[in-house]
1. Is there a quick way to get the dipole size of the range 275-368? I mean about its Cα centre, with the Cβ of Lys and Arg at +1 and of Asp and Glu at -1; what is the value in debye to the nearest 20?
2. Just want the answer: with Cβ charges of +1 for Lys and Arg and -1 for Asp and Glu, which residue in Pro326, Tyr360, Leu311 is farthest toward the dipole's positive end in the chain?
3. Which whole-number value in Å² is the accessible area per residue of the chain, probe 1.4 Å?
4. What residues qualify as long-range amide H neighbours of Val133, i.e. H under 5 Å apart, gap of 5 or more or another chain, H built at 1.01 Å from N?
5. Could you tell me the calculated FRET efficiency between Ile85 and Phe7, based on Cβ-Cβ distance and R0 = 56 angstrom, to the nearest 0.05?
6. Cut-off 10 angstrom, C-alpha nodes, Gaussian network model of the chain. Which of Gly41, Gly80, Gly57 fluctuates the most?
7. Based on C-alpha coordinates, I'd like the Rg and Dmax of the range 1-64, in Å.
8. For His38, what is the net charge nearby, where nearby means another residue's Cβ is under 14 Å from its Cβ and Lys, Arg count +1, Asp, Glu -1?
Amino acid sequence: MSYEARFEAALAAIRSEGRYRVFADIKRARGAFPTAQHFTGDGAKPITVWCSNDYLGMGQHPSVIAAMHGAIDEVGAGSGGTRNIAGTTHYHVELEAELADLHGKEAALVFTSAYVANDATLATLVKLLPGCVILSDEKNHASMIEGIRHGGGPKRIWRHNDVADLERHLQALPRDVPKIIAFESVYSMDGHIAPIGKICDLAEKYGAMTYLDEVHAVGMYGPRGGGVAERDGVMHRVDVINGTLAKGFGVMGGYIAASKACCDAIRSFASGFIFTTSLAPVLAAGAVASIRHLKVSQIERAKHQERARALKKRLVAAGLPIVDNPSHIVPVLVGDPVHCKMISDTLLDQYGIYVQPINYPTVARGTERLRITPQPQHTDAQMDHLVNALGELFAQCPLSQVAPEEGKLAAE
């Protein structure tokens, strides 16, 4: 067997579909983000980034940077081990206390990423609850899907955000069977927001646990940045909340917040937590500073929502096909992987605008899109430049190629 030939054949297949992924080599400009430098074989040129998950720009915030400098000066670079073996520093203890307080829970547990937190926690919950059935929203993130698979238990998939369909599945299960309803608050590719309160109603009615992924909401929604559940006044009704430190908080890492017993059980049984080196103290320190700032500051959240509304209004006025949604996510539908990459490449090369194409398997085939994430730092002039550039490129790409079945097009 030629192993290399197999690898090349697999790569050739995704290239032929137009969904081969190319990494953009960029360097953010501290204090001037969303501007950055894009490095190619011809050198570097200035660009404006429109697809960062550092939604609030907290990765650039002076208090976060100062805290990280302080930590690295005080204790050095790495954590020194797993959480059980020398890797639990005072920074980790502080961080977990801040997260538990943020979500009104007894405890929190920090992982190296929210992906690992979802995978490890969901898989472990199934093993700790024999016979447990997980009811998963059909648009849940890949990390949740992997965790459910690794748990090895039975599962039921319910239609996206459809509480009637969820109840139909719950009714079919015996009352005494352990159940976990797994769902997200903000779905990152469409920008949909879950009816958390109604889902909690069903969980209470049928004796199920609730597992909520707030990755795309923490820091950005709620009076203290606790997410959509906090905003909607239902955070206390959710059993387990998953979140990230890498998006709204602008650093790196993931976590769960739940009861003391639940977090202790995951800590004690989840291989994805036990057998990996803990976050570097510098990251934990930066996350603590970011969380503390966003618990009391409304400035970033208010400006972020205003910028998202402003951009959506401009795109709709220009007749561009965006998915109408109530969140900060701005999906511009293309509906074809080749055209999606072509538009993205042209934006970067000719207009100095960086928006990464989103293709299968991140989204369904035929729903390829540009996922735009406006930040508080984006100016009106930068928005006008983006909208004008998209208008010119979409004029060359007929809207008939856009898949109309994916959500409601705000340009209709």
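The values are calculated or read from the model by the stated rules, or taken from the named source; none is laboratory data. Since we're looking at a predicted model, the values are computed, not measured. Every residue, glycine as well, gets a Cβ built from its backbone with ideal geometry; the counts of neighbours run over all protein chains shown. Heavy atoms of the whole protein, side chains included, go into the accessibility calculation; ligands, DNA and RNA do not. Shrake-Rupley method; radii C 1.70, N 1.55, O 1.52, S 1.80 Å.
1. Numbers: 11 positive and 7 negative charges, 102 e Å.
Magnitude of the dipole: close to 480 debye.
2. Working it through, the farthest residue towards the positive pole turns out to be Pro326.
3. On the way: 17500 Å² over 412 residues.
Here the residues of the chain average 42 Å² of exposed surface.
4. Sorted by chain and number, the residues that satisfy this are Lys179, Ile180.
5. Numbers: r = 36 Å, r/R0 = 0.65.
Taking R0 as 56 Å, the efficiency between Ile85 and Phe7 is 0.95.
6. Of Gly41, Gly80, Gly57, the most mobile in the Gaussian network model is Gly41.
7. Taking only Cα atoms of the range 1-64, I get Rg and Dmax of 17.6, 55 Å.
8. Numbers: positive: Lys27, Arg28, Lys45; negative: Asp25, Asp42, Asp345, Asp349.
Local charge sum for His38: -1.
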